[in-house]
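J.: Take a look at the following structure, please.
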Amino acid sequence: MLKTVLRRELLHNLYSLRFLISLVLLIGVFVAGSFSFVRGHALKLEKYRETRSEFLESMKTDAASNATQLAVSQRNYPMRPRDNTFIADAKEKYLPNDVTFSAWNVFAFQNKSGSANPFLKKYDELTWSFIVALIVSFVALMFTFDAVSGEKETKTLALSLSNPVSRGTLLLGKYVSAVLSVMTVVVVGVIANLIVILLFGRIGWTAALAGEIIGFLAVAGLLAASFAAFGLFSSVVAPNSNVSLLLALSFWLAFAVVVPNSSTFIAKSLYPIDSSEAVQKKVNTVLEDLSKSAPPGSWMMNSSNPFLPQHKLRANLQMKLLLAEKSIRDDYYQAMFRQFERTRLLTAVSPVSLFEYMTEAVVGGGYVRFHKVWGDMHVYQDQSLNFFKALDAADKDSPHWFNPNEEVSTTRKPVAFEKVPQFEEKPMSFVERIAPVMTYLLIGVFYLCAVFLLTYVLFVRYDVR
């Protein structure tokens with residue numbers, strides 16, 4: 001019986017005007033997004049190659065000068081634009097994409113958008129995730145908002161229930177057919193987008209890309225199912241289709257617009273942290289206290305003789321200053337991470353937010369990507385420091401007084417650039433991607449089941465007259 005109901009409802013949806021409009025709209029938007037990606041991604045890669053070349057040249061120059069110069073020089077590591085950003089940009093244009101480091105410390109992160117016009121920085125690209133989050137969520141509601149209330153007005157609901165079919169079967173048939181109809185539109189749009197990108201975007205088809213697409217479609221299916229459930233709920237609660245439409249639009253406005261854009265307010269209100277100005281003031285105070293309490297001669301400098309005792313005092317002071325600032329800033333960065341993650345858990349009340357967080361992990365981008373790079377950079381920094389200390393230990397002309405900021409009291413011999421450890425960002429593994437997905441997936445599935453169960457309970461008592 002469920003198969004019969006499902007076939008009837010699915011055919012009704014596929015031959016409806018709303019399906020045709022949705023299909024044309026989604027294909028047009030997906031194709032427009034593909035051409036936007038092809039052009040924009042090429043420019044981003046060109047800018048990245050220039051920055052990366054400058055980064056490597058500065059390391060080569062320092063290595064040819066001496067090992068200490070290589071170790072103490074602060075440089076910025078640029079993160080490569082992802083080739084799968086046409087699936088989801090994961091808000092990376094607002095996230096840090098540049099990490100400042102030396103062999104002694106990972107200092108900070110910053111955002112370098114590369115945009116020549118600051119007024120053009122705030123915009124949303126036509127990625128799959130953006131299209132699905134806003135348009136498909138709306139379309140899913142449109143397929144279900146009048147599934148019950150609309151049929152009640154046309155007197156077809158009572159006729160359907162006069163047949164030997166249970167209310168649960170009828171409701172499930174309407175629900176599943178709506179989700180399948182929406183996902184049909186999504187799949188057609190995805191295929192149209194892929195054709196353009198594979199032909200013109202110089203993006204090769206790989207097993208990893210196929211897995212990301214399958215993962216995206218699964219997450220998109222959960223989003224469509226969630227909003228279809230809210231649409232059915234609106235249809236059962238409201239006395240007529242006009243009211244159910246208004247209620248469905250309220251759900252869409254709340255979950256697709258209000259909640260996803262309230263994260264800043266939530267973070268500042270519930271999880272406040274120190275401002276960057278307050279942190280800098282704390283750093284300045286600690287550094288001033290250390291400088292005042294330093295032994296006499298700690299600030300003296302004579303680069304002609306590295307074995308002077310004053311260089312040992314200076315190196316010790318510089319190390320204390322570095323460690324003190326590092327401790328304060330590392331605590332601040334961890335507070336930022338905790339604030340961001342806790343805020344995400346609260347905004348997970350929105351199916352759109354859940355979808356964005358899961359999509360981010362599926363494509364290996366956004367915050368989960370940056371957090372991994374931040375951690376990997378610390379591992380690389382330790383490797384670079386050990387490499388430098390080994391070079392210094394092998395130099396009998398070095399006094400071996402480690403100064404993290406100056407090239408005075410450690411080895412001044414050059415080093416072959418080919419031997420210098422290089423940092424290369426590693427793609428996120430399957431395990432690293434699935435771990436953050438599971439928490440949000442469980443929330444989403446529980447959310448979906450709760451809404452559908454509530455809708456079923458109300459529909460069982462629904463007056464079809």
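J.: What helices (runs of 4 or more DSSP H), lying completely within segment 262-367, carry at least 1 residues that are open to solvent by 40 Å² or more (accessible area, probe 1.4 Å) and over 26 Å from residue 104 (Cβ atoms)?
T.: Numbers: elements: 263-270, 276-293, 309-347, 351-363.
So the answer is 263-270, 309-347, 351-363.
J.: Specify the residue that is surrounded by the most Cβ atoms within 10 Å (Cβ to Cβ); the eligible residues are those in segment 50-90 that are in a loop (DSSP other than H, G, I, E, B) and out of contact with any Asp or Glu (no Cβ under 8 Å at 6 or more places or on another chain). Write out each step before concluding.
T.: So the first thing to find is which residues in segment 50-90 are in a loop (DSSP other than H, G, I, E, B), and the list is 66, 73-74, 79-90.
Add one more test, that the residue is out of contact with any Asp or Glu (no Cβ under 8 Å at 6 or more places or on another chain), and what stays is 74, 81, 83, 86.
Values: 74: 13, 81: 20, 83: 19, 86: 27.
Looking at the filtered set, the residue picked out is 86.
J.: Between a residue in segment 70-82 that is more than 12 Å from residue 104 (Cα to Cα) and any residue that is of a type in the set (S, T, N, Q) and outside any loop (DSSP other than H, G, I, E, B), which pairs come within a Cβ distance under 6 Å, given they are 6 or more apart or on different chains?
T.: Here the result reads 76/100; 78/51, each pair linking segment 70-82 to a residue that is of a type in the set (S, T, N, Q) and outside any loop (DSSP other than H, G, I, E, B).
J.: For segment 417-440, give me each residue that is at pLDDT below 90, surrounded by fewer than 13 Cβ atoms within 10 Å (Cβ to Cβ) and not in a loop (DSSP other than H, G, I, E, B).
T.: 430, 431
J.: I'd like the full set of residues that are of a type in the set (A, V, I, L, M, F, W, C) and surrounded by 15 or more Cβ atoms within 10 Å (Cβ to Cβ), limited to segment 32-44. Steps first, answer last, please.
T.: Initially, segment 32-44 is screened for residues of a type in the set (A, V, I, L, M, F, W, C), giving 32, 35, 37-38, 42-43.
The answer is 35, 37, 38.
J.: Name the residue, out of 144, 154, that is among the hydroxyl-bearing types (Ser, Thr, Tyr) and touching a residue at least 60 places away in the same chain (Cβ under 8 Å).
T.: Details: 154 fails: touching a residue at least 60 places away in the same chain (Cβ under 8 Å).
Exactly one of 144, 154 is among the hydroxyl-bearing types (Ser, Thr, Tyr) and touching a residue at least 60 places away in the same chain (Cβ under 8 Å), namely 144.
J.: Here is a follow-up. When residue 427 is evaluated against the numbered criteria (1) free of Cβ contacts under 8 Å to residues at least 40 places away in the same chain; (2) within 20 Å of residue 211 (Cα to Cα), which criterion, by number, is the only one it fails?
T.: Going through (1) free of Cβ contacts under 8 Å to residues at least 40 places away in the same chain; (2) within 20 Å of residue 211 (Cα to Cα) one by one, residue 427 breaks only (1).
J.: Would a scan of segment 394-416 turn up a residue that is modelled with pLDDT under 95, among the small types (Gly, Ala, Ser), buried (at least 21 other Cβ atoms within 10 Å of the Cβ) and closer than 30 Å to residue 219 by Cβ?
T.: no
J.: Those residues that are open to solvent by less than 50 Å² (accessible area, probe 1.4 Å), without any contact (Cβ under 8 Å) to a residue 40 or more places away in the chain and part of a helix (DSSP H, G or I), I need them from segment 1-31; list them, please. Steps first, answer last, please.
T.: Narrowing segment 1-31 to residues open to solvent by less than 50 Å² (accessible area, probe 1.4 Å): 5-6, 9-10, 13, 16, 19, 22-23, 26, 28-31.
Keeping just the survivors that are without any contact (Cβ under 8 Å) to a residue 40 or more places away in the chain gives 16, 28.
Hit for segment 1-31 is 28, nothing else.
J.: Related question: Collect the residues in segment 122-159 that are under 24 Å from the mean Cα position of the chain (by Cα) and under 21 Å from residue 177 (Cβ atoms), keeping them in residue-number order.
T.: Of segment 122-159, the ones under 24 Å from the mean Cα position of the chain (by Cα) are 122-138.
Scanning segment 122-159 gives 132, 135, 136, 137, 138.
Table: residues versus (1) under 18 Å from residue 157 (Cβ atoms); (2) open to solvent by less than 40 Å² (accessible area, probe 1.4 Å); (3) in contact with a Lys or Arg (Cβ under 9 Å, 6 or more places away or on another chain).
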residue: 205; (1), (2), (3): no, no, no
residue: 208; (1), (2), (3): no, no, no
residue: 217; (1), (2), (3): no, no, no
residue: 221; (1), (2), (3): no, yes, no
residue: 229; (1), (2), (3): no, yes, no
residue: 232; (1), (2), (3): yes, yes, yes
residue: 238; (1), (2), (3): yes, yes, no
residue: 256; (1), (2), (3): no, yes, no
residue: 260; (1), (2), (3): no, yes, no
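J.: Another question, if that's okay. What pairs come up if the first residue lies in segment 399-421 and is free of Cβ contacts under 8 Å to residues at least 60 places away in the same chain, the second is among the hydroxyl-bearing types (Ser, Thr, Tyr), and their beta carbons are under 7 Å apart, counting only those six or more places apart or on different chains?
T.: Filtered contacts from segment 399-421: 400/410; 421/380; 421/384.
J.: Residues to consider are 238, 224, 229, 248; find the one that is small (Gly, Ala, Ser) and under 26 Å from the mean Cα position of the chain (by Cα). Let's see the steps before the verdict.
T.: On the way: 238 fails: under 26 Å from the mean Cα position of the chain (by Cα); 229 fails: under 26 Å from the mean Cα position of the chain (by Cα); 248 fails: under 26 Å from the mean Cα position of the chain (by Cα).
After ruling out the rest, the residue left standing is 224.
J.: Is it the case, given these coordinates, that residue 462 is open to solvent by less than 80 Å² (accessible area, probe 1.4 Å), within 30 Å of residue 169 (Cβ to Cβ) and either in contact with a Cys (Cβ under 8 Å, 6 or more places away or on another chain) or part of a loop (DSSP other than H, G, I, E, B) (or both)?
T.: Values: open to solvent by less than 80 Å² (accessible area, probe 1.4 Å): yes; within 30 Å of residue 169 (Cβ to Cβ): yes; either in contact with a Cys (Cβ under 8 Å, 6 or more places away or on another chain) or part of a loop (DSSP other than H, G, I, E, B) (or both): yes.
It is true that residue 462 is open to solvent by less than 80 Å² (accessible area, probe 1.4 Å), within 30 Å of residue 169 (Cβ to Cβ) and either in contact with a Cys (Cβ under 8 Å, 6 or more places away or on another chain) or part of a loop (DSSP other than H, G, I, E, B) (or both).
The values are calculated or read from the model by the stated rules, or taken from the named source; none is laboratory data. Fair warning: this is a prediction, and the values are worked out from it, not measured in the lab. Glycine gets a Cβ as well: all are built from the backbone with ideal geometry, and neighbour counts include every protein chain shown. Only protein heavy atoms, including side chains, enter the accessible area calculation; ligands, DNA and RNA are left aside. Shrake-Rupley method; radii C 1.70, N 1.55, O 1.52, S 1.80 Å.
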